[in-house]
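**Q** There's a structure below that I have some questions on.
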Amino acid sequence: MLGLGLGLSRQRATAFGAAPDIVQLYLDRVAADGGTALLSKAEIEALLPPDWQNASFLNVPSARKAGTLYSIIGSDFTVTRPSSAIEFQSTDQYGSVVNAMPRVSFIDGFSGYPSEQESTNLIDWSESFADYRVNRATKTDQGTPSVMPSGSLALFTATAGAAQFGKRLSVTAGVTQTWSMLVDVSQGNFAQIRGASGNQTSINLTTGVVVGTNTLGGVGRSKHIIGNYYWASITFTAIATGVHFWQITDATGNQTAIGSTVAAGYFQMESGTSATSYIKTEASSVIRSKDLATLTGAGAQIGQVNSTVFVKFNASNFSQLRTALTIDDGAGGSLKFQKLASNDIRVRLLNGADTVFSIVISGSLTGLQKLAVAYSNAGYISSLNGATEAIGSLGGAQPTLTDITLGADSTNTLHWNDTVATVALWKGAKDQTQINEMTA
């Protein structure tokens, strides 16, 4: 594998006086292996962290084939997912990738590996808007299914008037579900779930804040995709059994105040409390299997007693425990980068049941984050987005770490449900100035 055993020699001149072109060697290796590079050499180099040439392991999601997510330095991730899945391929396109193909989504201008749990889109025709265009007075369906243009984020546009535009699903009282939509907010900033027996709740599509509740309430989330596009959701528990509508509205539930058109997109109604990315359906509901990207036997690429780890990721307002990266020993010892139910970020090193160190960074952080931790027997230091977060002493002996799981716990649970953009490891604990420069 490229990079194995090179250590600090990567920057040394060859016999001909030139340092090896690591990124070009990576691209050549991908091509020779039958893989596909998704970014150019210049695009990849623009995404690399400081001192990347001396890393012992470096992965920026930028090349793949079915079953493999290639690493620039070090060994590649093995990827399994026994179902197809959707990725956002550029600023205005989405596409479906086949079983076991690593997804690489481009959100807010950077590439990332989206790791998600198994989920089911309970409705049919998630791309269609006209099939559940309901007359407000008679509650009868209007129109026929109209499938979105394949692969395009150009949203279906429906004429406003005496109709509610959206989806509907019968829900049993006491059942918790998460309903999402991809929407162009230039036509209206709010969406509403109108439940049985008059129970309802509304969400601000750009902030995820639940507003205008009437009994139903719920937890809202929103993630910016690109331009005016947002992926927004509400997790709620049905109070009464019956049909619930998921529709575009203004803040008070008045659809007609939006204007002459309603631009809305893909709809999703999932069981459970987690909002995941778009799952395309047609005539029936669809299950997307969970993602799993693992690298075993990587002990030689991990710094062990003296180590620096850098992770760049996109963070959503989960209000749930989620894991961006796990490096473990297969026996209870692990280094994990997580977001807690409080929406604080935690980095924790465990040796079995013993806590070696635990760093919690408060602030309900969302969007692109750069986080690094450096540690040795002398202690640890962490940095987030250019600022020192914690300095302390170790609370015990360190484990010998061997395996890396991207975007999940080592037991393939607690999926990140968002994108991880960079993972880099160095043998040796960098100092405070170096890791602050790395995360700036």
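The values are calculated or read from the model by the stated rules, or taken from the named source; none is laboratory data. This one's a predicted model, so the numbers in the text were calculated from it and none came from an experiment. All Cβ positions, glycine included, derive from the backbone under ideal geometry; neighbour counts span all protein chains shown.
**Q** Do you know which of the residues in the stretch 294-337 that are more than 16 Å from T402 (Cβ to Cβ) and aliphatic (A, V, I, L, M) is surrounded by the fewest Cβ atoms within 10 Å (Cβ to Cβ)?
**A** Per the stated criteria, the residue is L321.
Conditions (1) at pLDDT 80 or above; (2) part of a helix (DSSP H, G or I); (3) under 22 Å from S271 (Cα atoms), marked per residue:
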{"site": "V134", "(1), (2), (3)": "no, no, no"}
{"site": "T138", "(1), (2), (3)": "no, no, no"}
{"site": "A158", "(1), (2), (3)": "no, no, no"}
{"site": "Q164", "(1), (2), (3)": "no, no, no"}
{"site": "L169", "(1), (2), (3)": "yes, no, yes"}
{"site": "A191", "(1), (2), (3)": "no, no, yes"}
{"site": "G212", "(1), (2), (3)": "no, no, no"}
{"site": "K223", "(1), (2), (3)": "yes, no, yes"}
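**Q** Any residue at all in the stretch 383-401 that's under 18 Å from the mean Cα position of the chain (by Cα) and closer than 30 Å to R81 by Cβ?
**A** Taking the stretch 383-401 and keeping what is under 18 Å from the mean Cα position of the chain (by Cα), we get none.
Within the stretch 383-401, none of the residues are under 18 Å from the mean Cα position of the chain (by Cα) and closer than 30 Å to R81 by Cβ.
**Q** Can you name every residue in the stretch 365-376 that is modelled with pLDDT of 95 or more and either of a type in the set (S, T, N, Q) or within 24 Å of the chain's Cα centre (by Cα) (or both)? Talk me through it step by step, then tell me what you get.
**A** Initially, the stretch 365-376 is screened for residues modelled with pLDDT of 95 or more, giving 370-376.
Passing the criteria: K370, L371, A372, V373, S376.
**Q** Also, quick follow-up: Looking at (1) touching a Gly at 6+ places or on another chain (Cβ under 9 Å); (2) in contact (Cβ under 8 Å) with a residue 60 or more places away in the chain, which one does A424 not meet, given that it meets all the others?
**A** That leaves (1) as the condition not met.
**Q** Right, something else. So which of V30, V97 is assigned by TED's automatic domain parsing to the domain that holds L295 and modelled with pLDDT of 95 or more?
**A** On the way: V97 fails: modelled with pLDDT of 95 or more.
Only one candidate qualifies: V30.
**Q** Taking the stretch 49-83 as the search range and keeping residues that are among the hydrophobic types (A, V, I, L, M, F, W, C) and in a strand (DSSP E or B), which one is farthest from T405 (Cα to Cα)?
**A** Of the stretch 49-83, the ones among the hydrophobic types (A, V, I, L, M, F, W, C) are 52, 55, 57-58, 60, 63, 66, 69, 72-73, 77, 79.
Next, from what is left, pick out any that are in a strand (DSSP E or B): 57-58, 63, 69, 73, 77, 79.
On the way: F57: 13, L58: 14, A63: 18, L69: 12, I73: 16, F77: 8, V79: 10 Å.
Ranking the qualifying residues of the stretch 49-83, first place goes to A63.
Residue by residue, here is whether (1) in contact with a helix residue (DSSP H, G or I) (Cβ under 8 Å, 6 or more places away or on another chain); (2) under 24 Å from D418 (Cβ atoms); (3) outside any loop (DSSP other than H, G, I, E, B); (4) at pLDDT 75 or above holds:
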{"residue": "I203", "(1), (2), (3), (4)": "no, yes, yes, yes"}
{"residue": "G208", "(1), (2), (3), (4)": "no, yes, no, yes"}
{"residue": "A232", "(1), (2), (3), (4)": "no, yes, yes, yes"}
{"residue": "V262", "(1), (2), (3), (4)": "yes, no, yes, no"}
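**Q** Separate question: Check T388, T400, T413 and return the single one that is in contact with a helix residue (DSSP H, G or I) (Cβ under 7 Å, 6 or more places away or on another chain), part of a loop (DSSP other than H, G, I, E, B) and in the same structural domain as G67 (by TED's automatic domain parsing). I'd like the intermediate steps shown before the answer.
**A** Values: T388 fails: part of a loop (DSSP other than H, G, I, E, B); T413 fails: in contact with a helix residue (DSSP H, G or I) (Cβ under 7 Å, 6 or more places away or on another chain).
After ruling out the rest, the residue left standing is T400.
**Q** Quick one: in the stretch 236-260, of everything that is buried (at least 22 other Cβ atoms within 10 Å of the Cβ) and not hydrophobic (A, V, I, L, M, F, W, C), which residue is modelled with the highest pLDDT?
**A** H244
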